[in-house]
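Just below is one structure, and these are the notes that go with it.
The values are calculated or read from the model by the stated rules, or taken from the named source; none is laboratory data. Everything numeric in this text was worked out from a predicted model, so none of it was measured. FYI the Cβ positions are ideal-geometry reconstructions off the backbone, even for glycines, and counts take in every protein chain you see. Heavy atoms of the whole protein, side chains included, go into the accessibility calculation; ligands, DNA and RNA do not. Shrake-Rupley method; radii C 1.70, N 1.55, O 1.52, S 1.80 Å.
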Amino acid sequence: MSQFMLLVYGDPANWQTLSPEEMQKATEKYLAWTKKSFTVDAKRLEGDAGRVMRAVRGGKPRVVDGPYSETKEVLGGYYTIDAADYEEAVRLALDHPTLEYGGTIEVRKVWGT
Amino acid sequence: MGDVATAEAGPLVEHLFRHQAGRMVAHLARLAGPANLDLAEESVQEAMLRALQTWPYQGVPGNAAAWLFRVAHNAAIDVLRRRQMLGEKTEAIVAELTRWAALRADDPDIDEQLRDDELRLMFMCCHPEMGRDASVALSLKTVGGFSVREIARAFLAEEATVAQRLARAKRQIRLGRLTLEMPRGRELRRRLDSVLEVLYFLFNEGYAAHEGEELIRRDLCMEALRLGRLVAASSIAEPRVHALVALMALGAARLGARVDAAGDLVLLDDQDRSRWDGRLTALGFHHFDRSMAGDEVSEYHVHAAIAATHARSAAERATDWPLILQLYDQLLALNASPVVELNRAVAVAKVYGAGPALASIEALENDPKLRDYYLRLAVRGHLLLEVGKREEAAACFRAAMGCACSEPERRFLKKRLEGCEG
């Protein structure tokens, strides 16, 4: 069994037009995912843009406020899951609700697991 | 499992967000004033969003409703501060919001206050100057916790149309300086009538058969029933309020049985009575009993009595059609509407046969509203078939299919048409 990280990206604007009923449904779906037996860890990141540190050749690292990229999608959270291999990890991730709400998931294997 | 393990087991209460949204909007609108309805809605949306962002990872709080309540109040305070609407009045609102945010939400006094807030907002939404479409949209959006998209779907309307209607209604609140004060005396009676009309309209819209969106339409019926019960539980409830709640509950009890597994319409006569919701039927009879207090006989009373007669047929395995016919006669006396006459024809057919029933609706052919009404043609076709006039019946069903109707209705008519030929 290996561990995989699911990096979940989404556009926060996608949530703005949901009705209370739809928000509840979404909450329930996300909740169900954090409770899945293969989920080792689930974390959400703060919605602010964060800070970026960039090495400057021959000088002190530069610290700037986010965002890190031009796209509207931001890294909103991450999961660590157990899966036999990449195929299984991807298959499990395909079921994640964020995909229903226009998000993107990056699946990465944790080194040495 | 780390933090994940703290996520609480058990699903959320059904429609928790929608119902809490309605209550909280009503409450915040009272604290901040109805001119700030947008502020109330924005704050509630923010609270729901926070729940979505935290509950899946930190677990659902023990008292989810109280959590939303507190967060929505704090969000309202943030919005007010952000807008920098300074001044004594804003400070007073912030102080009041702060006080409420700190209260224990399971306090029974709070529950009563919140019910009162919902009622006030609903009565304001049904202000006579508002116009029915605006009242309907605004009630659903605010007290009902429906989104623009959901309202548009329920009424097969464009989202932009619904949004415009809401914007106009809110402008009217500001310009007309509408308040959340309950009207008094005769004005209260009139307002109550318009509230009941809006609820009855909501219910009927939800009850009408339409393709697809079955779920949202069912929600509409249940919301009308919920709001009706809210009025019925208040001190201003009159017997006709209970009559309306009774007819809605008895009708809602049959919702699940009126379409079959294939999504086709099932006529009342052919419905599987065991699929009628016993809990809602019991609720309906409870309010029907309470509607008997006093001498008033409203149209709601008679409609409720008809629904109750059908509901009793489930236990008695037979429908008391003479009684139903009598009730339709009573309804005609209260409101001589051609639609009532059309419905009455079905009872006439059961009691006296299809011939007299046909004669009773002959005049409706000349009614401009009913001439091209699919239901008139469908009823006529049904009666013609019973007296053995197959070809004329087929012509009726064919004509009915050419009228405006929903897909399930059209499929139903097609089946009847095939029945004429077979």
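Using the Cβ-Cβ distance between B:Asp320 and B:Glu421 with R0 set to 25 Å, the FRET efficiency works out to roughly 0.15. Look at the stretch B:11-24: the mean tally of other chain Cβ atoms within 10 Å of its residues' Cβ atoms is 3. Expressed as an acute angle from 0 to 90° and rounded to the nearest 10, what is the orientation of the C-alpha long axis of helix B:278-291 relative to the principal long axis of chain B? The answer is roughly 90 degrees. Candidate cross-link partners of A:Lys35 among the aspartates and glutamates, defined by an alpha-carbon separation under 15 Å and a same-chain spacing of 8 or more, comprise A:Asp82, A:Asp95, B:Asp3, B:Glu8.
Only Cα pairs within less than 10 Å get springs; with that Gaussian network setup on chain A, which residue of A:Arg51, A:Arg91, A:Arg62 has the largest fluctuation? It is A:Arg62. Cross-link check: pairs A:Lys29/A:Lys72; A:Lys36/A:Lys109; A:Lys72/B:Lys141 evaluated at a Cα-Cα cut-off of 25 Å; pairs beyond the cut-off: A:Lys72/B:Lys141. Using only alpha-carbon positions in the protein assembly as shown, the gyration tensor eigenvalues give semi-axes of 51, 31, 21 Å once each is multiplied by 5 and square-rooted (largest first). With the cut-off at 1.5 for a/c, could you classify the stretch B:238-319 from its C-alpha gyration tensor as rounded, prolate or oblate? Prolate, because a/c is 1.5 or more and a/b exceeds b/c.
Protection proxy ranking for A:100-107, B:215-222, using the average of other Cβ atoms within 10 Å per residue and placing the highest first: B:215-222, A:100-107. In the elastic network of chain B, a GNM with C-alpha springs shorter than 10 Å, the most mobile of B:Ser235, B:Ser147, B:Ser194 is B:Ser235. The contact between chain A and chain B removes approximately 2400 Å² from the accessible area (both sides summed; 1.4 Å probe; ligands, DNA and RNA excluded). Interface burial in the stretch A:29-60, defined as at least 50 Å² less accessible area with all protein chains than with the chain alone at a 1.4 Å probe, covers A:Leu31, A:Thr34, A:Lys35, A:Arg44. Between 0 and 90 degrees, the angle of helix B:299-316 with respect to the longest Cα principal axis of chain B falls at about 70 degrees. Applying 0.36 nm per residue to the separation of B:Lys414 and B:Val387 and subtracting their alpha-carbon distance, the gain on full extension is 7.7 nm. Of the trypsin sites (Lys or Arg not before Pro) found in the stretch B:72-147, those in coil by DSSP whose Cβ has at most 14 other Cβ atoms within 10 Å are B:Arg104. Considering only B:Leu225, B:Leu323, B:Leu196, the Gaussian network model of chain B with Cα springs below 10 Å gives its largest mean-square fluctuation to B:Leu323.
When the charge dipole of the protein assembly as shown is built from unit charges on Cβ atoms (+1 for Lys and Arg, -1 for Asp and Glu) and taken about the Cα centre, the candidate among B:Thr54, B:His19, B:Ala314 whose Cα reaches farthest toward its positive end is B:Thr54. Inter-chain neighbour count for B:40-53: the average number of beta-carbon atoms from partner chains within 10 Å of each residue's beta-carbon is 4. For the stretch A:62-113, what % of the accessible area comes from carbon and sulfur atoms, probe 1.4 Å? The nonpolar share, carbon plus sulfur, comes to 55 percent. Evaluated on the stretch B:335-422, the Kirkwood hydrodynamic radius is 12.9 Å, with distances taken between all distinct Cα atoms.
Here the extension length gained between A:Ala55 and A:Arg91 equals 9.2 nm, from 0.36 nm per residue of separation less the Cα-Cα distance. Once the chain from B:Glu88 to B:Arg190 is taken as fully extended at 0.36 nm per residue, the excess over their C-alpha distance is 33.1 nm. Taking only the alpha carbons of the stretch B:271-422, we obtain Rg and Dmax values of 17.0, 53 Å in that order. Computed from label points 7 Å out along Cα-Cβ, the spacing between B:Arg218 and B:Leu267 is 2.5 nm.
Shown in residue order for the stretch B:55-72 are the 3J(HN,Hα) couplings computed by the Karplus curve 6.51 cos²θ - 1.76 cosθ + 1.60 at θ = phi - 60°: 4, x, 9, 10, x, 7, x, x, 10, 4, 5, 5, 4, 4, 4, 5, 5, 5 Hz (x for Gly and Pro). Average accessible surface for chain B: 47 Å² per residue, computed with a 1.4 Å probe over protein heavy atoms with every protein chain in place. Bridging of B:Lys389 to aspartates and glutamates at a Cα separation below 13 Å is possible for B:Glu421, once same-chain residues fewer than 8 apart are set aside.
When the Cα positions of B:Ala336, A:Gly103, B:Gly87 are compared along the charge dipole of the protein assembly as shown, B:Gly87 comes out farthest toward the positive end, with charges on each C-beta of Lys, Arg, Asp and Glu. Remark: mean inter-chain Cβ contacts per residue of B:57-66 equal 2, using a 10 Å Cβ-Cβ cutoff to other protein chain atoms. Per residue, the solvent-accessible area of the stretch A:2-109 (1.4 Å probe, heavy atoms of protein chains only, all protein chains present) comes to 59 Å². Interface residues of the stretch A:1-26, defined as a loss of at least 20 Å² in heavy-atom accessible area between the chain alone and the complex of all protein chains with a 1.4 Å probe, are A:Trp15, A:Gln16, A:Thr17, A:Ser19, A:Pro20, A:Glu21, A:Glu22, A:Met23, A:Gln24.
Based on the alpha-carbon gyration tensor of chain B and its eigenvalue square roots a ≥ b ≥ c, which shape applies: rounded if a/c is under 1.5, prolate if not and a/b is larger than b/c, or oblate? Prolate is the answer for chain B, as a/c is 1.5 or above and a/b outweighs b/c. Averaged over residues, the count of other Cβ atoms within 10 Å places the peptides B:246-255, B:157-166 in the sequence B:246-255, B:157-166, highest first.
Close amide-amide hydrogen proximity is noted between A:Ser2 and A:Ala83, A:Ala84, each under 5 Å apart and 5 or more residues distant or on a separate chain (H modeled in the peptide plane; Pro and chain starts excluded).
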